[in-house]
Amino acid sequence: NDPQVMGKIKMIQQNPNLLPTMMSDPKMMQLLTAMMGAEDGGDEEGDSTRSSAATTNRPTSSKAAASEPEPMEEVEEDWSDLTPAEREKKEAQKKAKLEKERGNELYKAKQLDEALEAYDAAIALDPTNMTFYNNKAAVLFTQKKYQECVDMCLQAVAIGKEHMGPFEDRAKAYARAAKAYQKMKDIGKAIEMCQEAQLESYDANTQRLLKTLELEKKKSDAQSYQDDAKAEEAKQQGNEHFRAQDWAKAVQCYEDAVKRAPKNAPIRNNLAAALCKVMDFSGAQRQIETAIEIDPKYVKAWARKGDIEMVMKEYHKAMDSYKHGLELDPDNTVCKDGLRKCSYQIQMGRQNMTDDEKKEQAAHAMADPQIQAILQDPVMQQVLKDLGENPAAGQQAMADPLVREKINKLIAAGIIETR
C-alpha cells in the first residue's frame, strides 16, 4: 500500500525499460523477491527444491569440476527404427572401427604385418571408409613398399570421393603418395600429388614439401641436360654465328653449351665475348668471373676480365686482372697490351673526362669493397692526409710497396687525381 512503490509500478507498466533503474530502490527489490517467492509456492518442498536448484546452479570449484567424470565420447545410437540390413551394416561399421583401433595399437608397437591384417579386416567390414585405406598406406610406407603405398593412397582417394570422405583425408592421402614418389625418385609425380593435395585441402607442410620438390626437380633437370659432346657441338655452332657477326644467335648457342657443360671455362669465356657484343657487360662479367672460379689459371679469362673492366671504366680492377694474367703467362700479348692501355687511360684518360664523368667514375669506384677497405684503413687515411698536408711524410710512406700499390689503385679508380 506504499504510494511511492505503487507509483513506480505504474511507471514500469507504462515503460518496461525503466525496470533496471527502479531496481536500485530497496523497496522495489524486496517486492520483486516476494513476488518470485510466491510464484515458487513457498511450501517446504518448494523451499527445498529452490535450495537444491541454487546449489545445482552455483559455480563449482575447479577441484570439484575436475573430479567429475568426463562425458562419454560416443552415445549409444538408437537402432530401433532400423531395418535388419541397416542394423547389420551398423554392426559391421562398429566392428571395423574396433579393427582399426587394434591396427593402430599394432602399428605403434611396430608390429607392421599384424597391423596390415587388422586394417584389411577393417576394410573387409566397411570398404566405404577411406581412413582404413589411409592407415594401411602408412604401414606400407613404413615398410618401404612405396609403389604399393601409392596404389593404396590413390585407392583411398577414390573411395573418399565416391563416399564423400573429408577433404582433409583426401589431401593426406595425396601428400603421402607424394612422399612415396619422392622416395622412388619420381619427382615429377611427387609434385603432381602435392598439387592435387593442395586442391583438396591447403596445408602449410604440403606446400613446403612442394617447394622442396620443385627445387629438386630443377636441379635434376639441369643435371640430366648435361652432355659434354652436345656442349661442344653447341659451342662450335656459337663460334660459327660469332664469326658471321650474328651475336644474338651466338649468345643463344653459347648459353645452351653452358647448360650442357657448366664447368667448362672456355665456353663461358666465349659467352662473355658474345655478351659484350650485345652490350651486356654485367652479364659478361658474371660469366667470366665464373670461368675464373672454375679455372683460376685460365689466362684468356683474366685477359677478357680486364677488357670488360676497361669498358666499365673500372681501371683499378682491370690493372689487377691484366697483372694476374701476366703472372700466369708473362708473354701474353693481350694482357700486355691491355695493361699498357689501362695505364694510359689512368694517366691521360681523365683529362678528356667532364667533371660529371669523373664524379660518376669515383662514385662507381666507391661501391667497390676493395676501395672501401683502403679508405677505411687508418694507416691509409693518415697517408692520404700527409700527401695533402705534409708531402715529405707522404712521399716517405710511398716508399712502402704495399702503400704505393694501394695509392695507385685509388688513382686508377679515380678517387685520387694526379696533376
**Complete:** Inside region 273-315, the number of residues satisfying the requirement of being open to solvent by less than 10 Å² (accessible area, probe 1.4 Å), within 18 Å of Asn239 (Cα to Cα) and either out of contact with any Phe, Trp or Tyr (no Cβ under 9 Å at 6 or more places or on another chain) or β-branched (Val, Ile, Thr) (or both) is 3
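Table: residues versus (1) touching a Lys or Arg at 6+ places or on another chain (Cβ under 8 Å); (2) farther than 30 Å from Cys253 by Cβ.
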position: Ala158; (1), (2): no, yes
position: Lys179; (1), (2): no, yes
position: Met184; (1), (2): no, yes
position: Lys211; (1), (2): no, yes
position: Glu216; (1), (2): no, no
position: Tyr225; (1), (2): yes, no
**Message:** Would you confirm, using the coordinates I've provided, whether Lys230 is under 33 Å from the mean Cα position of the chain (by Cα), closer than 30 Å to Lys189 by Cβ and of a type in the set (D, E, K, R)?
**Reply:** no
**Some residue of region 231-246 being under 29 Å from Glu360 (Cα atoms) and modelled with pLDDT of 95 or more** = no
**Request:** Note down all Cβ pairs under 6 Å where the first residue falls in region 249-265 and is within 15 Å of Ala291 (Cβ to Cβ), the second is of a type in the set (S, T, N, Q), and they're at least six residues apart or on different chains.
**Result:** Tyr254/Asn270
**Request:** Go through region 159-178 and give me each residue that's in contact (Cβ under 8 Å) with a residue 40 or more places away in the chain and open to solvent by 40 Å² or more (accessible area, probe 1.4 Å).
**Result:** Arg176
**Those residues of region 140-158 which are buried (at least 22 other Cβ atoms within 10 Å of the Cβ) and β-branched (Val, Ile, Thr), in sequence order** = Val150, Val157
**Request:** Return yes when Leu199 is under 21 Å from the mean Cα position of the chain (by Cα) and surrounded by fewer than 14 Cβ atoms within 10 Å (Cβ to Cβ) and no when it is not.
**Result:** yes
**Prompt:** Do the conditions hold for Glu360, that is, is it within 30 Å of Asn269 (Cβ to Cβ) and open to solvent by 60 Å² or more (accessible area, probe 1.4 Å)?
**Reply:** yes
**Message:** Restricting to region 276-311, count the residues that are more than 32 Å from the chain's Cα centre (by Cα) and within 28 Å of Ser220 (Cβ to Cβ).
**Reply:** 1
**Item:** Enumeration of residues in region 220-262 that are surrounded by 15 or more Cβ atoms within 10 Å (Cβ to Cβ) and not in a helix (DSSP H, G or I)
**Value:** Asp246, Ala261, Pro262
**Message:** Could you list, ordered by first residue, the pairs with Cβ atoms under 6 Å in which the first is in region 110-133 and within 20 Å of Lys145 (Cα to Cα) and the second is of a type in the set (Gly, Ala, Ser), at least 6 apart or interchain?
**Reply:** Ala115/Gly103; Ala118/Gly103; Tyr119/Gly103; Met130/Ala156; Met130/Gly160; Met130/Gly165; Phe132/Ala122; Tyr133/Ala156
**Lone qualifier among Ser321, Ser343 - being among the hydroxyl-bearing types (Ser, Thr, Tyr), in a helix (DSSP H, G or I) and out of contact with any helix residue (DSSP H, G or I) (no Cβ under 6 Å at 6 or more places or on another chain)** = Ser343
**Message:** It is to be established whether one or more residues within region 190-198 are polar (S, T, N, Q), within 27 Å of Asn134 (Cα to Cα), at pLDDT 95 or above and out of contact with any strand residue (DSSP E or B) (no Cβ under 6 Å at 6 or more places or on another chain).
**Reply:** yes
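So that you can scan it fast, the table gives a plain yes or no per residue for (1) of a type in the set (A, V, I, L, M, F, W, C); (2) in contact with a Gly (Cβ under 9 Å, 6 or more places away or on another chain); (3) modelled with pLDDT of 75 or more:
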| residue | (1), (2), (3) |
| --- | --- |
| Thr55 | no, no, no |
| Glu70 | no, no, no |
| Ala92 | yes, no, yes |
| Lys110 | no, no, yes |
| Asn135 | no, yes, yes |
| Phe141 | yes, no, yes |
**Fill in**
When every residue in region 364-380 that is at pLDDT 80 or above and of a type in the set (S, T, N, Q) is compared, the one farthest from Glu314 (Cα to Cα) is Gln376
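The values are calculated or read from the model by the stated rules, or taken from the named source; none is laboratory data. Fair warning: this is a prediction, and the values are worked out from it, not measured in the lab. Because the Cβ atoms are built from the backbone with ideal geometry, glycine has one as well, and the counts that use them run over all protein chains shown. Quick note on the areas: whole protein, heavy atoms, side chains included, nothing else; ligands and nucleic acids left out. Shrake-Rupley method; radii C 1.70, N 1.55, O 1.52, S 1.80 Å.
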